[in-house]
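Everything on this sheet refers to the single structure shown next.
Please treat every number below as a calculation from the coordinates, not as lab data. Bear in mind that the values here come from a model prediction, so they are computed numbers and not experimental data. In this analysis, Cβ positions are derived from the backbone assuming ideal geometry, glycine residues included, and neighbour counts consider all displayed protein chains.
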Amino acid sequence: MEKGHLLGGRYKIISVLGEGGMANVYLAEDIILQRKVAVKVLRLNLQKDPQTIQRFQREALSTSELSHPHIVSILDVGTEGDCHYLVMDYVDGSDLEEYIQRNNPIPLPKVIDIMDQILSAVALAHKHNVIHRDLKPQNILMDKKGNIKIVDFGIAIALNQSTMTQTNTAMGSVHYMSPEQARGSMATKQSDIYSLGIILYKLLTGTVPFTGENAVAVALKHFQEKTPSLRAKNPSIPQALENVVFKATAKDPRDRYKSVLDMKKDLDTCLDPKRKDEPVYKPQHDPAADETIVIPPLEGSVHNKDHETQEKSEPKEEKKNFLDNLKGHKWWWIGALIAFCVIMVILFFALGRKDMVDIPNLNKMTQTEAKNSLNSSGLELGKISYEYSDTVPKGKVIRTKPPIGSQIKDGQKVNLIISKGPHLVEMPNVIGESYTVAKKQLVKLGFSVAKTEEYSSNPKNQVNAQDVEPGQQINPDKATVTLLVSKGPSSASSTRSRRHTIKLRDIVGYSLKGAQDYTRENHLTLKVEEEDSDDKNDGTVLRQSPESGTDVSSGSTLTVIVAKSKKTDANSSSNSSTTTTTVTKSYTINYPADSSQSNSQKTPDHIQVYVSDDDHSINNIYRDMNITSEQSFTVPFKLTKKNGHIKILRNGNTILDEDVNK
């Protein structure tokens, strides 16, 4: 289905989300409700198969009855010509398989939280007599907030629909399939519980308990081998938690939990210290001891009455026919079945050994190690892509495509996603900027921005402080920067005269930021010069002019000489150095309108400020504001090789255009 196609006159196709054996799934936009949805469309080659259509429609019926926060909801069902489709909630996130690969090992409380969500959803399905039959991490989605959503109830069987219970084909993925499903028997609620136990095993270890070179080999292990010990791989896993896995994955369904809710209750208490001395779980039944194979009746048998009469008239010794002999020997049939399975395994190994290969666990390997491991498994290295990761070291494998444990043909390529390490950026200095400009700059870098306000002598909306120090390396995805923003002077301070005489404080030893704060609070213009120093930190005030105790008027210039560490320039043979000067100037823009008018009656003046210095271009707006009263603000000019410049426009007309000298 092409991008942009309007399905059913309502759902506009955006992109392909996935392709399955029965249906393709698309991301679409519901143009009526203006939201994103997932649309499952029956594949073209199956749209004329009545059984497939019936199964597809059964998915809508069974899932629509299940209203649960952890089950994907069916929103709509429709047809367009021969095209059958379902509309479902769109889950913006990944599946559980990808989550496990990204985060293994997962903390035990998080594992239990994930399983609790899954178990509560399956419990509701079982309450409605709906069996999923294909529970696996690929059918469990997780949104970006960690909420679980189970999908693909389309292969579920409603137990109260007797016409559907005969569909017995083993359709579950072999790594999570119960022993009875692997033998072709009817799936029950205990079959889902077995799959849930395998999912819990995968969450705890990052791997599945049984692997093999093909599906038959894995299926045989499900009903022949005990579930491997989790504590042998990770001794920190409590015995009570391992017992939950053992009981859920017992070979005989009678030894498993009676219900999903029983499993959930057991799981929720497995970290309780009272259960620390719990013995290892032992099943009570041996499934091989009382296994019964049901033989279907033979068709085409004819009861010949004449032949019976003839036999009665002849004095020959009565013989049992071959079929009667077989019916009397149940163990012969069991032996025949085992022999058949062995033959099938041999055929698969002999004829199809090179057909399918399990993708090995490459997590946290280097690219070279991963390539060697793939080659050893008969696979090739595919495309390499990179992502930031807080949990996987730089240069190590985060996950693979297809996922680890998947079966692909021998010789195929496996793509790697490799870690770029944590996403770190340098925190800029936005003090003195307008809040709008500062927020735009921080959001562009990926930060979240919070705002607090205070009355101050600084212009309204100017950033007075930031809670993350400039120059700090930080992950913007996990940081919120709080900016302290000026609300302008309070009503009490605004009545004071803007020009008054002050006695200069001794600011020698202050940091540059402290000097900037001092001059800003006292309406002084700050001029900064740098001087090499071996024993003072960068930015420490060494001298000031005028000296402390001098009476000056507001608006006067205070010059400070700050320390600069000596650095050797390997590319320069001279001792000359370039001096950077910071000149902070204050500006006041008057508002010429009638002062007797109220603010609601005044027409605001549109003020635009353009600045040129080391950090700003005269072609870009430095500040943009609308004023209905006199406004003051300061501009710190950073000047190295040339003078600065400022240009101020009122309603498009230039009211100030001047150079700022070093």
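Using a 7 Å offset from Cα along Cα-Cβ at GLN608, what residues in the stretch 615-634 end up with backbone N under 14 Å from the label point?
The answer is 618-626.
Only Lys, Arg, Asp and Glu count, each charged at its Cβ (+1, +1, -1, -1), so figure out the dipole size of the stretch 587-662 about its Cα centre, rounded to 20 debye.
It comes to approximately 160 debye.
Report the label-to-label distance for LYS536 and LYS110 in nanometres (one decimal), using points 7 Å from each Cα along the Cα→Cβ vector.
If labels sit at LYS536 and LYS110, their model points lie 4.9 nm apart.
Given axes a ≥ b ≥ c from the Cα gyration tensor, I'd like to know whether the stretch 357-419 is rounded (a/c under 1.5), prolate (a/b larger than b/c) or oblate.
Prolate is the answer for the stretch 357-419, as a/c is 1.5 or above and a/b outweighs b/c.
Residues with beta-carbon under 11 Å from that of ASN522, excluding ASN522: net charge, scoring Lys, Arg +1 and Asp, Glu -1?
That sum, taken over residues with Cβ under 11 Å, equals +1.
Modelled label-to-label distance, ALA217 and THR550, 7 Å Cα→beta-carbon offset: nm?
8.7
If you place +1 on the Cβ of every Lys and Arg, -1 on the Cβ of every Asp and Glu, and leave all else neutral, what size is the dipole of the stretch 425-491 about its Cα centre, to the nearest 20 Debye?
260
Would you please report the Å³ per residue occupied by the convex hull of the alpha carbon atoms in the stretch 425-491?
Looking at the stretch 425-491, the number lands at 62 Å³ per residue.
Could you list ARG399, ARG102, ARG231 so that the one with the fewest beta carbons within 10 Å of its beta carbon is first and the one with the most is last?
The most exposed by this proxy come first: ARG231, ARG102, ARG399.
Rounded to whole Å and ordered largest first, report the semi-axes of the equivalent ellipsoid of the stretch 93-285 derived from its Cα gyration tensor (root of 5λ).
For the stretch 93-285, the semi-axes come out at 24, 19, 17 Å.
Under 1.5 on a/c is rounded, so check that first for the stretch 73-136, then, if it is not, pick prolate when a/b is larger than b/c and oblate when it is not; a ≥ b ≥ c are the square roots of the alpha carbon gyration tensor eigenvalues.
Note, shape of the stretch 73-136 comes out oblate.
Under Stokes-Einstein, with the Kirkwood radius over Cα pairs standing in for Rh, what whole-number D in µm²/s applies to the stretch 587-662 at 4 °C and 1.567 mPa s?
96
Given the stretch 403-485, what count of lysine pairs have C-alpha atoms under 21 Å apart, with each pair 8 or more places apart or on different chains?
11
Test of understanding: what is the full-extension gain from ASP272 to LYS145, defined as 0.36 nm times their sequence separation minus their Cα-Cα distance?
In short, 43.0 nm is gained.
Arrange the following residues from fewest to most other Cβ atoms within 10 Å of their Cβ: ARG543, ARG183.
Starting with the residue having the fewest Cβ neighbours, the order is ARG543, ARG183.
Let me know the number of lysine pairs in the stretch 587-662 closer than 27 Å at the Cα, not counting same-chain pairs under 8 apart.
6
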